[in-house]
Amino acid sequence: MCMNRKALTRTESILAVLLVVAIIAGAVGWTQPGQRIVETVTSTVTVGGSAQTITTTRVVTSTVTVERPISPGAIKIAVVSDIGGRGDLSFNDMAFKGGDEAEKDLGVQMVELISKTEADYVPNLETAARDPDVKLIVGVGFLLSEALLEVAAKYPDKNFAGIDTFTQALAVQKTGKPLPNMLDIVYEEHKGSAMVGALGCLLAAHYNELGGNYPYIGGVFGIEIPVLWKFEIGYKWGCDWGLKWYEQRFGKRAPLIGEDGRYGSGPNWRDGLYCPQAGQCWYKGRVLWTYTGTFSDITKGYAAAKSMYEQQAIAVYNIAGPLGLGINQAVQEIATEKRLTSGPPYWIGVDANQDWINPGFVIASMMKRVDRGVYYAALLTVIGKFKEVVADTNGVLVLGIGTKVGNLAMEGISVSTLADLDEFIKMGVDAEKLTGKKVLPMSPEEIRQKVTEMRQNLPSWIWDALTELESKIRSGQAQVPMVLTKEEVDRWRELLG
Amino acid sequence: MLAVAVGLVGGAALMAVYGYDFVKAYRALFLGAFGDFSGFLETLAFATPLIMTGLTFAIGMRSGLFNIGAEGQMYMGAIGAVFVGGMLNLPPIIHLIFATVFGMLAGAIWSLPAALLKISRGVHEVVSTIMLNWIAFWLVTYLITYHVADPARAERAVPAQETARYLVIGASLTTVFILVIAFSLIAYFLLWRTTLGYELRVVGHNQEAARYAGINISKTMMTSFFLGGLAAGLAGVSQVLGRPPHWTVFATMGNLINIGFEGIGVALVGRNHPIGIIFASIFYGGLLHGGRFMEFEAGVASEIVRAINGIIILALAIPAALDLVKKIFPRKNRGETG
Amino acid sequence: MKPYRLRVLWLLIGFVAVAATIYAMSFFGLKPTRLIEFALLALTPLAFAAVGECINEKSGQINIGIEGIFLISAVAGVFWAEVFESGLLGLLMGGVFGALIGGILGLLNVYGRAEQVIAGMGLNILAIGLFQYLLMAIWAFPGIHIFPRTLVVPRISIPLIGEELAVSPISLAAIAAAFAAYLLLNKTLLGIRLRAAGEKPESVDVAGHSVYRVRIFASMVGGFLAGVGGAFMPLGWFGGLVKEITAGRGFIALAAVVFSGLNPLTALAATFIFGFAEGLAFAVVVTPAVKEAVPFHFIMMLPYIVTVAVLALFPSTRRFPKALGKPYVRE
């Protein structure tokens, strides 16, 4: 090869090397931890009468690597996530949060395995199960049900838990009885969605009373899978319940959203209500909804929400984790345009507490405490009562509103409260301490103040309605439809829009 | 091979920066993916669809076309396999054969719009195939949710019936792998030992010369797209009829998404040659499978695993990386370059 | 028909089509101004990247790592915006990081004689992993990072046909960049050199300039523009970072590049059409009447079908530089 006169001159080659070094140095610089934190945590855990004290020491030097003196025989728990892994702002993140808390309080070590494709489920579960130190394997996501069935049957001496899974139903189908080492932890998200649906429609009623023009509420969904049908129909049903409650309480229909004729016309429609059968009328069509087909493309969340707000929806329910940021942007634009410091318009968060993202504009979040589910499974493993609970519950633990395990209240679904807000604010504060960078959009006090103000500005009858709905759900008086098949979803869409 | 080493070094550097023990990580990766027999079978299972989507792209490249429609064609192949494998009832071996062929044809048919657009209107296949990929995505999602849904479990399509499943070897691998290898060998034979293949390659090298030689360009392009579609269709079939424990596609299509694009990378590493693609796929499959061991045993965050995969691929792009290094540090023994 | 008259005809058809769409939209109760606003937002990252890649490809290189640059520059942009407490500087830094990556790719292409497409793919995979990791590592909060609204570049109001549009100045910059790129490529000496490097690199060499320098420069410019586009999403639009904020839009930008035959202005138009169609799809799909009639999947397909249709109906000779993708080796 000839000498290239126009090849890299010495200056250029030095620059090239410097460039590469600069990039690496920059990368290193980015992740300098704020400080080194040593925590010693002693916690006492009481379950069903027996108390145990567990002490752990953690040394956190960077945000991702955690050193811990591993005592021999320490219990490891493995959390196998669904596709997408960490950062989905809801499901998987909550599961890892639960695992983190189990680490802190119970002294277990959490190992994570993130699935990239469905083909990873079985290998991930097996890899975890094969390790002698791993005592509990948690599969997060209903898609892992079959994989859990296969692996749990193969490793009977390990504990398996699944979030949203129906492995035991499959086991019964296949062998006639449930697996003794498998716990399906399922949530009643339809009930929570019903509550925020009622909240949304009552919000519309309230603001319309004051002269506003809000004929709709909205829902932005992710990929159309049966789990989301539960959210969808629950949400719509809740709106209908809320408006019917309003009628009863105030003796008249809710302004605009309860009485307008725009929602439909034709043989079965009567004064804005859809009555396919005598005596059975529904507030149909009050909810604008669409499936975006993605749990990650926030531009679609933004576009969908923007259209909904254009059509005067007062609140949009986010059922697609990160798309909340897109929905938030739609709200923010309206806020900037009209110089608002708080809603309407509102949006509703999901799974994790999302109220803090834009305080004053997120009316509430429908929390699904996946973290508690994982934590509880770890707890049971540590104190050795896992298989007992499996036997007691036939392998399926339902966490919802008003659910109990033994005589321990174990709620899994709730509309976010100020206490929940505090919990997530604390997460943000901890993160800020660790990295030295701002994570929360404003100071914790300001967040609390704005959210409290927003809620207090609403008339008390709205919160009364929600309390009533909650207690009716607990007692079983109110039956929120749980939709799992195509026929059911079609039927309810026919009734509710 | 050297490039692989460079890539591994780069990955090690990345891990070192973040404080991971990269020796342990790499040991975990390689032992897990290739060290024991069951791990190796898993690696092969991951490699299977990649071989096919890689072939789609490679056949296209050999004939001068940038066919990146493997994603969409694969989705169609999968849904085709679901239709026949799940919804129809046929006697054992016939069912399997029919389902496979149907799936492959479905993939091939999906490649036709791009082919026709190219031939008749000169539409560049990069754009048309990307668009077709997305259209296929929405179409298949629709079909899965509303038409072929398992009545008991609406989040997925009807699983392939027992009579339409390939035999299982180990945990995830099935005999569809053999079919895939056979297809690749046939492709090799076709491309290098037949007139058709020769014509294809000539068109790829120089369209003008091909035209002068009397080769029918349109027919050749059509063939290239068609073969690519068959390959991608087989990839889709392999993920349905050849994938325990689910034997089906979920509404989220987790088992299918991105395999088309990863196939492109594999094809390029395999230098667009079927045999090269087979090896490249197995290597990449090893990265995919071994990643979990890195996560589990060395505690490397899964995102970093993906980043390392990226670095390795990046490094594989550089044939003359060593030359570059030599250029920067030769001053002592080579004299100044002005 | 004479080419001039043909062009006028197409312009008329386009005009009629747009007018018909607007009429149809008002029939549905949709507001065209909102759709234009959305289209402008959606097109900004795409247009920046597409214009940059046009320049890059004119010089004979292919960079399919645009998605990767988007991701890295988004994180870098937000990080530095917080350090400097300025959204604009954050955008700039995003561009700088994009240029750095472009520079590395250029070096790899030129000196390592890299297989450019593989390098691009490798970059994408690397960036996806790195992005998610950095999101957690830098801010330690899972899944999302919100920064104060003051860092977001604010919109300005532009009157158009009686209504006010809220437009981000960055979108205007994207449009300006497209025009600037067109001028650069076609009216300047540097542009001629760039294009020559893509068509017949030997000619550049013979003329006494370094093909390598030209190509690395083009790669850096392309990277810079893509970087600004990537940083725009958090800093000019959403006010936060989430995993997969770019969601594959880098590839749509590539499609626009190919679609346009490396003409920056056509690429700009393509990204506008695409953004508009996407906004329209969502506006339509939310309307209750439509929902009953058509499953939303088919409406989601519309932007892509529209693009293919446009391509099929308006074919034009698109030539790509002869030396595209081939490393240049001097003998």
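Using the Cα atoms as the points, what is the convex hull volume per residue of region A:83-212 in Å³?
On the way: hull volume 19.0 nm³, N = 130.
Taking the convex hull of the Cα positions in region A:83-212, it is 146 Å³ per residue.
The H on the amide N of A:Val350, modeled in the peptide plane, is under 5 Å from the matching H of A:Met366, each at least 5 residues off or on a different chain. The HN-Hα couplings worked out from phi for region A:137-142 by the Karplus form 6.51 cos²θ - 1.76 cosθ + 1.60 (θ = phi - 60°) are 10, 10, x, 9, x, 5 Hz, whole numbers, x standing for Gly and Pro. Rounded to the nearest Hz, the phi-derived 3J(HN,Hα) couplings of region A:228-234 under the Karplus curve 6.51 cos²θ - 1.76 cosθ + 1.60 (θ = phi - 60°) are 6, 4, 4, 4, 4, 6, x, where x marks glycine and proline. Remark: C-alpha extents of region B:224-294 on the principal axes read 38, 33, 17 Å, sorted largest to smallest. Applying 0.36 nm per residue to the separation of A:Ala419 and A:Arg491 and subtracting their alpha-carbon distance, the gain on full extension is 22.1 nm.
The spacing between region B:26-80 and region A:240-281, judged by their C-alpha centroids, is 56 Å. Cα centroids of region A:124-189 and region C:244-307: how far apart, whole angstrom? Spelled out, the Cα-based centre of one part sits 41 Å from the other. Each residue of region C:214-276 gets 100 Å³ once the volume of the Cα convex hull is shared out per residue. Positive end of the dipole of region B:45-299 (Cβ unit charges, origin at the Cα centre): among B:Leu112, B:Ile278, B:Leu234, the Cα lying farthest that way belongs to B:Leu112. Couplings 3J(HN,Hα) for region B:57-70, derived from phi with the Karplus relation 6.51 cos²θ - 1.76 cosθ + 1.60 (θ = phi - 60°), are 5, 5, 4, x, 4, 4, 9, x, 10, 9, 8, 9, x, 4 Hz, where x marks Gly and Pro. When only Cα pairs below 8 angstrom with a gap of at least 6 residues are kept, region B:45-299 shows a relative contact order of 39 percent. With one equal scatterer per alpha carbon and no solvent term, the Debye-computed log10 I(q)/I(0) for region B:11-117 at 0.24 1/Å reads -1.16. Across all Cα atoms of region A:139-203, the radius of gyration (one decimal) and Dmax (whole number) stand at 15.7, 52 Å.
Given an 8 Å cut-off on Cα distances and at least 6 residues of separation, report the relative contact order of region C:111-205 as a percent.
Taking the mean separation of contacting Cα pairs over the length of region C:111-205, I get 10 percent.
For region B:45-299, the dipole from Cβ point charges (+1 on Lys and Arg, -1 on Asp and Glu) about the Cα centre works out to 500 debye, to the nearest 20. Only helices enter this figure: runs of n ≥ 4 DSSP H residues, each worth -39500 (n - 2.57), summed and divided by the residues of chain B, yield -23500 deg cm²/dmol at 222 nm to the nearest 500. Once each part is reduced to its C-alpha centroid, what is the distance from region A:374-390 to region A:480-497 in angstrom? What the calculation gives is 35 Å, centre to centre.
Pick out, in residue order, every one of the GluC sites (Glu not before Pro) in region C:60-104 that is DSSP loop and has at most 16 other C-beta atoms within 10 Å; say none if there are none.
Details: sites: C:Glu67, C:Glu82, C:Glu85; in loops: C:Glu85.
Loop-located and lightly packed - C:Glu85.
Suppose the Debye formula is applied to equal point scatterers at every Cα of region B:45-299; what is log10 I(q)/I(0) at q = 0.10 Å⁻¹? Log10 of I(q)/I(0), two decimals: -0.46. Annotation: amide H of A:Val138 within the under-5 Å range of A:Ala78, A:Val79, A:Val80, A:Ala161, sequence separation 5 or more or interchain, hydrogens built in the peptide plane.
Dividing the Cα radius of gyration of region B:80-187 by 2.2 N^0.38 Å, with N the residue count, gives 1.26. With each label modelled as a point 7 angstrom along the Cα→C-beta vector, the A:Glu337-B:Ala171 pair spans 5.4 nm.
Arrange C:Val214, B:Val148, C:Val75 by Cβ neighbour counts within 10 Å, fewest through most, would you?
Values: C:Val214 24, B:Val148 18, C:Val75 27.
Going from sparsest to densest Cβ surroundings: B:Val148, C:Val214, C:Val75.
Proximity of backbone amide H atoms, modeled 1.01 Å from N, is registered between A:Gly87 and A:Asp93, C:Gly143 at under 5 Å, excluding neighbours fewer than 5 places apart on the same chain.
In terms of other Cβ atoms within 10 Å, A:Cys275, A:Cys239, A:Cys201, A:Cys281 run from fewest to most in the order A:Cys275, A:Cys281, A:Cys239, A:Cys201.
None of the figures in this text is laboratory data; all of them are computed from the coordinates on show. Keep in mind the model is a prediction, meaning the values are calculated, not measured. Note that each Cβ is placed from the backbone with ideal geometry, even for glycine, and that neighbours are counted across all protein chains shown.
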